[in-house]
Structures are given as structure tokens and as C-alpha cells.
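The values are calculated or read from the model by the stated rules, or taken from the named source; none is laboratory data. These numbers come from a predicted model, not from an experiment. Every residue, glycine as well, gets a Cβ built from its backbone with ideal geometry; the counts of neighbours run over all protein chains shown.
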Amino acid sequence: MSGFTLLEMMITLAVMAVLGTVATPSVTAMLDRHRLQAAAHDLQADIALARQESERRGQPVTLRFQTGSLWCYSVSTGPAVDCRQPTLTPGSQLIKRVRASDQAGIALLRADAMVLDPRAGPRIDTLASGQARFASQGGLQLQVRLGPQGGASVCAPAAPVPGNPRCQAEPSGS
């Protein structure tokens with residue numbers, strides 16, 4: 001006689017349930033880490049976009065951040081752009097806007113305005129220390145730092161995040 005008995009089916013379902021229970025936390029942690037990395041790498045790419053646009057336009061391009069539960073940031077050339085506004089004022093010269101809803105489950109803990117200015121000579125400087133820190137729901141954190149030449153790097157400031165180096169101590173005076 002072929003087929004499964006009711007007892008064999010119940011044992012198979014019980015084993016599958018146990019395996020599913022064991023695998024769920026690791027899948028959740030993996031998704032949490034990937035969302036965090038996506039947010040950090042998206043900002044890194046937006047900094048590269050700002051650098052490219054500042055050189056192409058021959059004028060400063062600014063990244064402005066709003067932290068909190070409805071965090072956001074904007075990349076623009078005009079006057080201060082509040083990325084939380086549903087509509088933007090004329091002349092804002094917005095290049096890009098990113099909102100918390102674009103990065104589900106990620107918080108922007110802190111961030112400094114970043115200005116990329118091609119007129120500052122070969123160096124591209126910032127008005128502030130040039131960093132932003134993201135956190136996942138699972139408590140992992142990644143920091144995006146703007147370097148003195150205008151490039152951005154991603155590092156883990158606290159607990160290790162697989163695939164990302166630990167942040168080095170900042171040079172004194174920054």
C-alpha cells in the first residue's frame with residue numbers, strides 16, 4: 001500500500017513547524033541587516049550624486065536631514081529644503097528627496113548637513129562633520145561618513161554588522 005498514514009503526516013508537519021520556528025529569527029535578522037545596509041548604501045550613492053551634480057552645475061549641492069520618526073533628507077542646490085513638506089516651494093531646486101517610508105523599519109538617529117562645493121578647490125568640504133547614522137529595528141547601526149575629498153564610506157559604529165568594517169575613531173578636531 002502506498003501513501004502516508006495520518007501519523008506520518010502529523011510527524012512531518014511537526015518537524016516542519018519546529019524547523020520554521022528555528023529559521024524565522026535568522027531570516028528576520030537577515031532582512032533587518034539588509035534593510036539597514038540598503039539605507040546606508042543609498043545615502044552613500046546620493047552623496048556621490050550630490051558630488052557629481054555640484055561639479056556639473058558648478059555650484060554647491062547640499063544634503064539636509066530631518067531626524068525623528070518621519071525622517072527624510074533632500075539633495076538640493078537652492079535655499080533650505082524641508083523634506084517633510086508634501087509640496088516643495090518654487091525655486092527649491094530639489095535634486096532628490098528620500099523619506100522614511102522609502103526605507104521601512106530604518107531610523108535616522110542623527111545626521112549633519114553636508115555641502116559639496118566644487119569652488120572650494122580640489123577638496124570638497126562640509127559645513128559640519130559630515131555623517132549620518134541609521135539604526136534598524138533589531139538595534140544594528142551603520143554610519144555614513146563624508147570624507148575630505150567628497151567620497152562617502154559606510155561603517156559600523158557599535159556592534160559589528162556583517163559585510164561592513166568597524167568605524168575608526170574620528171581624527172581629533174572633527
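For segment 133-165, how many residues are within 23 Å of Ser69 (Cβ to Cβ), in a loop (DSSP other than H, G, I, E, B) and touching a Leu at 6+ places or on another chain (Cβ under 6 Å)?
Summing the residues that are within 23 Å of Ser69 (Cβ to Cβ), in a loop (DSSP other than H, G, I, E, B) and touching a Leu at 6+ places or on another chain (Cβ under 6 Å) in segment 133-165 gives 2.
So, of the residues in segment 35-79 that are of a type in the set (Ser, Thr, Tyr) and assigned to a strand (DSSP E or B), which turns out to be nearest to Gln103 (Cα to Cα)?
Among those that are of a type in the set (Ser, Thr, Tyr) and assigned to a strand (DSSP E or B), it is Tyr73.
Quick check on my filter: what residues within segment 83-98 are more than 21 Å from Glu53 (Cβ to Cβ) and either touching a Pro at 6+ places or on another chain (Cβ under 8 Å) or at pLDDT below 70 (or both)?
Listed by number, the list holds a single entry, Thr87.
Find the residue count for segment 45-71, including only residues that are among the polar types (S, T, N, Q) and touching a Pro at 6+ places or on another chain (Cβ under 9 Å).
Qualifying residue count, segment 45-71: 2.
Being at pLDDT 90 or above and more than 19 Å from Gln44 (Cβ to Cβ) narrows it down to one residue among Ser101, Ser74, Ser69; which is it?
Step by step, each of Ser101, Ser74, Ser69 is checked, and only Ser101 is at pLDDT 90 or above and more than 19 Å from Gln44 (Cβ to Cβ).
Within segment 15-28, can one find any residue that is surrounded by 11 or more Cβ atoms within 10 Å (Cβ to Cβ), touching a residue at least 40 places away in the same chain (Cβ under 8 Å) and either closer than 26 Å to Gln137 by Cα or polar (S, T, N, Q) (or both)?
Checking segment 15-28: at least one residue is surrounded by 11 or more Cβ atoms within 10 Å (Cβ to Cβ), touching a residue at least 40 places away in the same chain (Cβ under 8 Å) and either closer than 26 Å to Gln137 by Cα or polar (S, T, N, Q) (or both).
Evaluate the following for Glu8: is it acidic (Asp, Glu) and in contact with a helix residue (DSSP H, G or I) (Cβ under 8 Å, 6 or more places away or on another chain)?
no
Pick from Ala80, Ala113: which is modelled with pLDDT of 85 or more and among the hydrophobic types (A, V, I, L, M, F, W, C)?
Ala113
Just to be sure, is Ile47 within 35 Å of the chain's Cα centre (by Cα) and among the β-branched types (Val, Ile, Thr)?
yes
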